[in-house]
1. For region 213-292, please list each of the helices (runs of 4 or more DSSP H) lying entirely inside it that holds at least 2 residues being farther than 30 Å from Tyr45 by Cβ, open to solvent by less than 10 Å² (accessible area, probe 1.4 Å) and touching a residue at least 60 places away in the same chain (Cβ under 8 Å).
2. May I ask you to verify whether Glu114 is open to solvent by 10 Å² or more (accessible area, probe 1.4 Å), under 24 Å from Thr152 (Cβ atoms) and part of a strand (DSSP E or B)?
3. Got at least one residue in region 37-59 being more than 19 Å from Asn293 (Cα to Cα), modelled with pLDDT under 65 and either in contact with a Cys (Cβ under 9 Å, 6 or more places away or on another chain) or not β-branched (Val, Ile, Thr) (or both)?
4. Go through Ala163, Ala127, Ala156, Ala194 for me and flag whichever is hydrophobic (A, V, I, L, M, F, W, C) and open to solvent by 10 Å² or more (accessible area, probe 1.4 Å).
5. Does any residue of region 98-112 turn out to be of a type in the set (Gly, Ala, Ser) and over 22 Å from the mean Cα position of the chain (by Cα)?
6. Can you go through Phe74, Phe120 and tell me which one is among the aromatic types (Phe, Trp, Tyr), in contact with a strand residue (DSSP E or B) (Cβ under 6 Å, 6 or more places away or on another chain) and either outside any loop (DSSP other than H, G, I, E, B) or open to solvent by 40 Å² or more (accessible area, probe 1.4 Å) (or both)?
7. Residue pairs, Cβ under 9 Å, 6 or more apart or interchain, first in region 70-88 and free of Cβ contacts under 8 Å to residues at least 60 places away in the same chain and closer than 15 Å to Gly128 by Cβ, second open to solvent by less than 20 Å² (accessible area, probe 1.4 Å) and outside any helix (DSSP H, G or I). List them.
8. Select from region 123-166 the residues that are assigned to a loop (DSSP other than H, G, I, E, B) and polar (S, T, N, Q) and list them in ascending order.
Amino acid sequence: MAPTVPTDNFGVYLHVPFCATRCGYCDFNTYTAGELGSDASAGSYLDAIVRELELALPRVEAELGHIPTADTVFIGGGTPSLLGVSGLNTLLSGVRNTFGLSVGAEVTTESNPESTSPEFFEGLLQAGFTRVSLGMQSLAPHVLAVLDRSHTPGRAPEAAREAIAAGFEHVNLDMIYGTPGETDDDVRTTVAAAIDAGVDHVSAYSLIVEEGTAMGRKVRRGELPEPDEDALADRYAIIDNALREAGMGWYEVSNWAEPGGQCRHNMLYWRDGNWWGAGPGAHGHLEAHRLVNVKHPARYAREVSTGALPLSAVETLTDYDRHTEKIMLGLRLREGISMELIDDAAHQTVNKHLSAGLLQHDNGRIILTEAGRLLADGIITDILVGEELGEEELGFV
């Protein structure tokens, strides 16, 4: 069983809001050059995010009682690789010059395969990055077309090989399964390509049709069908079986890795750790507070230029909120959660899922079984309903 992350571990997330094109399924806080016009630029963004890191130090010290050193850094988006090695190095230098980096820190950047090259990966490694995450989604051209992805089908595994050849030990490929028009064989081909590329980590997410996206509008108009739940389950099993045979074990419902290849930054999220989220629309977490930045890059840059943190909301989490999140996030992990977290009122629900073979006991913890992973969201919801019934007994009301 994986060890618990020490409570003093700290992460920094940096959000890059720029994309060359907008994918039809994406509802992330991202903008194309045409959408931004002259209101924001990569240069103003870099200046602003480095300034935000400086402004964050007093707030973090006030919340945590000290300024922690960053154990993990994750640059996501959007398309961080559009900034090039120079821009990404500026971001990492901003973290070094404020929070600092611990010895052996994990430093990840997401990248679009089309905006990478062998020279790009070599530059990242020299700058101090230790991990790369590449968006592959699918190897089937017709699936990429439905997703409005711009990269060519074989570019993602090729880019992964280039990153490994440059010296990266930790490389991830992202998959999406359940796209309308996709077949089981499409999924088999994609996961096989990820394995053949030699990566030590694969993330595989079922397609979620979000309101307000181009794909959401097509589904609403009947131009595309909703993802089929049975097909999603079958394809998850295909992915899981292939990765397990290749030596990658699941450690979170949608993530598989070779031993030692787990993403430490994401584990910080799932284990209720603390991190600062910098950049437009970024989210952070400091003990009992969740912080959210303003979303638009132009407004973000303006607020930072005044010397103020660009926060749009600060949510104070109650003890019960944090208790609930530990169940929601922790049960998705292979290590599961301690049975001590579960109130008596929810024991009947847990026992029902144990009897059905969806949960199992392991040294005082409850863990999703292989069948349970397919129904993880429903199981978690059931337990939380039981928790709500026992909220008074927990002493949170």
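1. In region 213-292, 229-245 are the helices (runs of 4 or more DSSP H) which contain 2 or more residues that are farther than 30 Å from Tyr45 by Cβ, open to solvent by less than 10 Å² (accessible area, probe 1.4 Å) and touching a residue at least 60 places away in the same chain (Cβ under 8 Å).
2. So Glu114 does not fit the description; no.
3. Yes - at least one qualifying residue is present in region 37-59.
4. On inspection, the qualifying residue turns out to be Ala127.
5. Taking every residue of region 98-112 in turn, at least one turns out to be of a type in the set (Gly, Ala, Ser) and over 22 Å from the mean Cα position of the chain (by Cα).
6. Phe74
7. From residues that are free of Cβ contacts under 8 Å to residues at least 60 places away in the same chain and closer than 15 Å to Gly128 by Cβ, the pairs are Gly87/Val16; Leu88/Val16; Leu88/Ile75; Leu88/Thr109; Leu88/Phe129.
8. Thr130, Ser138, Ser150, Thr152
The values are calculated or read from the model by the stated rules, or taken from the named source; none is laboratory data. Please read these numbers as outputs of a predicted model, since none were measured by experiment. Heads up, the Cβs are rebuilt from the backbone with ideal geometry, glycines too, and the neighbour counts pull from every protein chain shown. Areas reflect the complete protein model, heavy atoms only, side chains present, ligands, DNA and RNA absent. Shrake-Rupley method; radii C 1.70, N 1.55, O 1.52, S 1.80 Å.
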